[in-house]
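The values are calculated or read from the model by the stated rules, or taken from the named source; none is laboratory data. Here the structure is a predicted model, which means the values were calculated and not measured. Glycine also receives a Cβ, built like all others from the backbone with ideal geometry; neighbour counts cover every protein chain displayed.
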Amino acid sequence: MQSDAAPVEQVIVTPEQVRELAAIVGRENVIAARQELLVYECDAYTLEKNLPGVVVLPASTEEVADVVKVCARHKLPIIPRGAGTSLSGAVLAVTGGVMISVTRMSRVLNVDARNRRALVEAGCVNAWVTVAAKPHGLLFAPDPSSQSACTIGGNVATNSGGPHTLKYGVTTNHVLGYEMVLPDGEIVWLGTTPDGGEDVDGYDLRGAAIGCEGMFGVVTRILVRLIRGPQAFRTLLGVFESVDDASQTVSDIIAAGIVPGALEMMDTLITQAIEAAYHFGFPLDAGAVLIVELDGLNAGLDAQAERVIALCKKNAAREVRLAQSEQQRADLWKCRKRAFGAIGRLSPNFVTQDGVVPRSRLPDIMRFIRATSERHGLRIPNVFHAGDGNIHPLILFDERVPGQTRAAVAAGNEILEKCIELGGSVTGEHGIGVEKMDFMTQQFAPADLEAMQTLRRVFDPELRCNPHKMFPSGKRCGDFQMKKQIAS
């Protein structure tokens, strides 16, 4: 949903200011040449692009604080950035300014196995935490599909989840506390401290900034909760003739009192693309496939698996496969988590949406997506977290074909509007960013939006930290490439 408001004036970062920043982090850790800044013009939401004035790569909290103080003195916008895997334009430099990339701050600082927690830097890759915890029989539960690249700081910014959200919860359920540099350069710690117990004296503001999309400050260190790895798994693949049958199975599994570690669904188009890329053995003619992963104590899992198989067959599953080895299980999950990477076999361009509907309305939203696909003449494969109703339709288009970019944007908007109509939300884990901020007025009352802005101003009174995100302001960047594409 794009605004036609006048372009936002771009902020100029002067050579003198660049030299100030270089004096803090070293000249080799400052990127100011235009051809090098192109790497940072967008995140994984590629429809809107704009160059930051400069990118700074600090190596410590103290360097972040010093960089932020320079920005505060010169009234420069601050854009925190991790790996850039976000899918909503959450790290877009709308007005230019200073992008602070935490990718050099990537260490697992400590694994406290006894208390089941770990202290990590914000640029630490999600999967690295579980690798560090595995020798202790522990893991970090949030596992976005991009976990091999996305950073913990980015996970905090968008409160991301992943396939195992259904049973284990999203990022906020596994973050005990974190260090953050406020927009004036002050360093604060919110929540449980690394050397303290889990109780917090006074107000617990930890949850306030999780999901704020970098608009409260720059997160630098995070204390994450680790959980004991399950003793055993039973991972099943159900093959269905239709999405409706697979959706009903999801509802029946939950109604039976079974809470799988994950419940994932893929439709025909995405399954065909994955099979062409990874050769797992997916049936190419299935209307939908359902991945059901049961985990926990070994005792009782076989009975649960038998119950799930029976529910699948009750809903006309033509086949249910049970992974016979850890390698088969790993291969299946590798295919699911690399699904977006297989889309290149189907289309040169795509937009990934992220809406939520009640589980009982999954058949309704899937029927609507099919109708939307036909109405706009665009293919829309689906891969999503069926267990919690978090859908991820992938709208395929070719930006070289006149009108297709416009149609893709319109299709995505219609799907998100339908999610709201069905009692859901316009995001489950990708955030609002610049992509969906105009939807906020549809989902929230003016008083709700003002309350959110009031909280934001407590942390950032000047609104310099990741500005022009999440809240509709009528300000859009004049250089957004999407507007050029749509105009074509």
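Within the set 62, 48, the sole residue that is farther than 26 Å from residue 144 by Cβ, out of contact with any His (no Cβ under 8 Å at 6 or more places or on another chain), of a type in the set (Asp, Glu) and not assigned by TED's automatic domain parsing to the domain that holds residue 400 turns out to be 62.
Taking residues in the range 143-164 that are on the phi > 0 side of the Ramachandran plot, and partners anywhere that are in a helix (DSSP H, G or I) and crowded, with 24+ Cβ neighbours inside 10 Å, the pairs with Cβ atoms closer than 9 Å and at least 6 places apart or on different chains are 159/171; 162/126. The residues of the range 330-344 that are aliphatic (A, V, I, L, M), under 13 Å from residue 270 (Cβ atoms), assigned to a helix (DSSP H, G or I) and out of contact with any Pro (no Cβ under 8 Å at 6 or more places or on another chain) amount to a single one, 342. Screening residue 86 on (1) under 30 Å from residue 393 (Cβ atoms); (2) without any contact (Cβ under 8 Å) to a residue 12 or more places away in the chain; (3) out of contact with any strand residue (DSSP E or B) (no Cβ under 9 Å at 6 or more places or on another chain) shows it passes everything except condition (2). Can you confirm whether the range 347-366 contains a residue that is over 29 Å from residue 420 (Cα atoms), surrounded by fewer than 20 Cβ atoms within 10 Å (Cβ to Cβ), over 21 Å from the mean Cα position of the chain (by Cα) and not β-branched (Val, Ile, Thr)? Scanning the range 347-366 turns up at least one residue that is over 29 Å from residue 420 (Cα atoms), surrounded by fewer than 20 Cβ atoms within 10 Å (Cβ to Cβ), over 21 Å from the mean Cα position of the chain (by Cα) and not β-branched (Val, Ile, Thr). The residues of the range 161-203 that are closer than 23 Å to residue 61 by Cα and of a type in the set (S, T, N, Q), listed by number, are 171, 172, 192, 193. Report yes if residue 232 is farther than 28 Å from residue 396 by Cα and either out of contact with any Ser or Thr (no Cβ under 7 Å at 6 or more places or on another chain) or crowded, with 18+ Cβ neighbours inside 10 Å (or both), otherwise no. Yes; evaluated as a whole, the condition is true for this residue.
Picking from 239, 219, which residue would you name as being in contact (Cβ under 8 Å) with a residue 12 or more places away in the chain, among the hydrophobic types (A, V, I, L, M, F, W, C), more than 30 Å from residue 330 (Cα to Cα) and crowded, with 17+ Cβ neighbours inside 10 Å? Sole residue among the options that is in contact (Cβ under 8 Å) with a residue 12 or more places away in the chain, among the hydrophobic types (A, V, I, L, M, F, W, C), more than 30 Å from residue 330 (Cα to Cα) and crowded, with 17+ Cβ neighbours inside 10 Å: 219. Between 103, 130, the distinction of being under 19 Å from residue 169 (Cβ atoms), in contact with a Leu (Cβ under 8 Å, 6 or more places away or on another chain) and modelled with pLDDT of 95 or more belongs to 130 only.
In the set (1) part of a loop (DSSP other than H, G, I, E, B); (2) out of contact with any Gly (no Cβ under 8 Å at 6 or more places or on another chain); (3) of a type in the set (A, V, I, L, M, F, W, C), residue 200 fails one condition alone, (2). The selection criterion, being small (Gly, Ala, Ser), in contact (Cβ under 8 Å) with a residue 12 or more places away in the chain and part of a loop (DSSP other than H, G, I, E, B), holds for residue 211. The residues of the range 395-410 that are within 21 Å of the chain's Cα centre (by Cα) and surrounded by fewer than 24 Cβ atoms within 10 Å (Cβ to Cβ), listed by number, are 396, 409.
Residues that are small (Gly, Ala, Ser) and at pLDDT below 95 within the range 447-488 comprise 473, 474, 478, 487, 488, listed in sequence order. Among the conditions (1) farther than 10 Å from residue 237 by Cβ; (2) assigned to a loop (DSSP other than H, G, I, E, B); (3) not hydrophobic (A, V, I, L, M, F, W, C), the only one that residue 327 does not satisfy is (2).
Please go through the range 367-394 and give me each residue that is part of a helix (DSSP H, G or I), closer than 25 Å to residue 333 by Cβ and at pLDDT below 95, ordered by number. Correct list: 386, 387, 388.
Residue count for the range 194-206 satisfying the condition of being surrounded by 14 or more Cβ atoms within 10 Å (Cβ to Cβ) and either more than 21 Å from residue 458 (Cβ to Cβ) or modelled with pLDDT of 85 or more (or both): 4.
Would you mention how many residues in the range 418-474 are part of a loop (DSSP other than H, G, I, E, B), among the aliphatic types (A, V, I, L, M) and under 26 Å from residue 188 (Cβ atoms)? Walk me through it before giving the result.
Our first condition is that a residue be part of a loop (DSSP other than H, G, I, E, B); within the range 418-474, this holds for 422-424, 426-436, 444-445, 460-464, 466-474.
Checking the rest, the ones that are also among the aliphatic types (A, V, I, L, M) come to 422, 426, 432, 434, 445, 463, 470.
The next check asks that each one be under 26 Å from residue 188 (Cβ atoms); those that pass are 432, 463, 470.
Total meeting the criteria: 3.
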